[in-house]
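K.L.:
Can you keep this structure in mind? I'll have questions shortly.
The values are calculated or read from the model by the stated rules, or taken from the named source; none is laboratory data. Given the structure is predicted, the values throughout are model-derived calculations rather than measurements. In this analysis, Cβ positions are derived from the backbone assuming ideal geometry, glycine residues included, and neighbour counts consider all displayed protein chains.
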Amino acid sequence: MPAARRASVVVYAAPGTLAGVDRSLRRAGVLVARLASIDRAGVDPARWLPRLARGPVPDAVIVSSRAAVDHGVGPWRAAVGPRARGVEFWAVGPGTAGALRRLGIRRVRRPRRIGSVALAAALGRSPPRRLVYFRSDRAGGDLGRSLRRGGHRVIAPIVYRVRSPRALRPRERQTLESAALIVVSSPSGLASLRERLGARRFSRLARATGLVVLGARSARAARRLGFRRVSVAPSTAAHRFTRHLLRELGHADA
C-alpha cells in the first residue's frame, strides 16, 4: 500500500460498530480503514428460547452488542409477546441502545460510561432483580458473576457464536502495522487480532501502536496482551469519540 494511502486509524470491529465515526474523522483529515474482527452466527433459538419463554418474564434484559439484539432480543420478544411490555432494557452503549430502539423498544437505559463494567456497577445500585443477559459464546461469565454477587438472579443464554474471519491478507497486515492508532471494540476482538496476526507480529504491534477500546474489560485485556498505550473512549457517540481519537493521535504524533 503506498505510504500516502496508509490509514492513521484502523477500526478493528464487527461490521457496523461505531457507525458515523469514519465520516467525522475524515472531515478532520484523518485516514480511516476498517477491518472486520469477527464473523457471527446465531444459535438456533430452539436451543435456548423454550426455557425463557416458559419462565417468568425478567425485570430487565441486558445486551452488550447489536448481535445480541438481533439473535437474542428479537426472538425472545416474539415468543413472549405482550408480556415483555413492562421489561426494562439495559444497553452497554449508544450503538446497542439504537439497535434496541429500532426494534421498537423505548424503555432503554445505559450506564454513564460505556462497557460492561460500568453496566454492572449501574445495576449493582438497584435492588435484586431477575435479569436476562443475552451473550455470545466468547463473552465469558464476568458480567453475570458480578451481577449475581449483587444479589441479582441472572440467566445468560448464548444466542450467537463468534468466529474469527479468514486470514489477513498482506495488505491488511500492512494497514494494521502502519496505523498510528487501532480501535478494538471488545476483548474477543483483541483475541481475534492476536490469532490472525500471529504472536510475534501482534507483540510488535502492541509495543509500537496506540490502542483505543470501548470499556474497562477491554483495557485490562489489552494490557495483559502487552499493549503499552491504551485509552478507554468516554463515549461511542461520533463527535465525542472523534475528539478522543484526535487527542490520542496528538499523543501518538508527539
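K.L.:
Output the residues belonging to the range 46-74 that are touching a strand residue (DSSP E or B) at 6+ places or on another chain (Cβ under 8 Å) and in a helix (DSSP H, G or I).
P.N.:
ARG51, LEU52, ALA67, ALA68, VAL69, ASP70, HIS71, GLY72, VAL73, listed by residue number.
K.L.:
Right, another one. Can you name the helices (runs of 4 or more DSSP H) wholly within the range 173-254 that have at least 2 residues being modelled with pLDDT of 95 or more, over 21 Å from ARG110 (Cβ atoms) and in contact with a strand residue (DSSP E or B) (Cβ under 9 Å, 6 or more places away or on another chain)? Don't jump to the end; show me each part of the working.
P.N.:
Numbers: elements: 187-197, 199-208, 216-224, 238-253.
Counting at least 2 such residues, we get 216-224.
K.L.:
Among the listed residues GLY210, GLY226, GLY198, identify the single one that is among the small types (Gly, Ala, Ser) and closer than 30 Å to GLY98 by Cβ. It would help to see each step written out before you state the result.
P.N.:
On the way: GLY226 fails: closer than 30 Å to GLY98 by Cβ; GLY198 fails: closer than 30 Å to GLY98 by Cβ.
Selected residue: GLY210, the only one of GLY210, GLY226, GLY198 that is among the small types (Gly, Ala, Ser) and closer than 30 Å to GLY98 by Cβ.
K.L.:
Restricted to the range 119-149, and to residues that are surrounded by fewer than 17 Cβ atoms within 10 Å (Cβ to Cβ) and small (Gly, Ala, Ser), which residue is farthest from the chain's Cα centre (by Cα)? Please lay out each step first, then the result.
P.N.:
As a first pass, look at the range 119-149 and keep what is surrounded by fewer than 17 Cβ atoms within 10 Å (Cβ to Cβ): 121-122, 124-130, 137, 140-142, 145, 148-149.
This time we only want the ones that are small (Gly, Ala, Ser), so: 121-122, 124, 126, 140-141.
Values: ALA121: 17, ALA122: 18, GLY124: 21, SER126: 24, GLY140: 13, GLY141: 15 Å.
If we take residues in the range 119-149 being surrounded by fewer than 17 Cβ atoms within 10 Å (Cβ to Cβ) and small (Gly, Ala, Ser), then SER126 is farthest from the chain's Cα centre (by Cα).
K.L.:
Scanning for something farther than 17 Å from GLY16 by Cα, modelled with pLDDT of 90 or more and more than 16 Å from the chain's Cα centre (by Cα), does the range 90-103 turn up at least one residue? Before you say what the answer is, go through the steps one by one.
P.N.:
Let us first name the residues in the range 90-103 that are farther than 17 Å from GLY16 by Cα, namely 90.
Add one more test, that the residue is modelled with pLDDT of 90 or more, and what stays is 90.
Among the residues that remain, those that are also more than 16 Å from the chain's Cα centre (by Cα) are: none.
Checked the range 90-103: no residue is farther than 17 Å from GLY16 by Cα, modelled with pLDDT of 90 or more and more than 16 Å from the chain's Cα centre (by Cα).
K.L.:
Does VAL73 satisfy the condition of being of a type in the set (Val, Ile, Thr), surrounded by 15 or more Cβ atoms within 10 Å (Cβ to Cβ) and free of Cβ contacts under 8 Å to residues at least 60 places away in the same chain?
P.N.:
Working: of a type in the set (Val, Ile, Thr): yes; surrounded by 15 or more Cβ atoms within 10 Å (Cβ to Cβ): yes; free of Cβ contacts under 8 Å to residues at least 60 places away in the same chain: no.
The answer is no for VAL73.
K.L.:
Given (1) closer than 26 Å to ARG243 by Cα; (2) touching a residue at least 40 places away in the same chain (Cβ under 8 Å); (3) surrounded by fewer than 19 Cβ atoms within 10 Å (Cβ to Cβ), identify the lone condition not met by ILE158.
P.N.:
(1)
K.L.:
Let me ask you something else. Mind checking which pairs have a first residue in the range 217-237 that is in the same structural domain as PRO187 (by TED's automatic domain parsing) and among the aromatic types (Phe, Trp, Tyr) and a second that is modelled with pLDDT of 95 or more and surrounded by 19 or more Cβ atoms within 10 Å (Cβ to Cβ), Cβ under 6 Å, 6 or more apart or different chains?
P.N.:
Final answer for the pair search is PHE227/ALA206; PHE227/LEU211.
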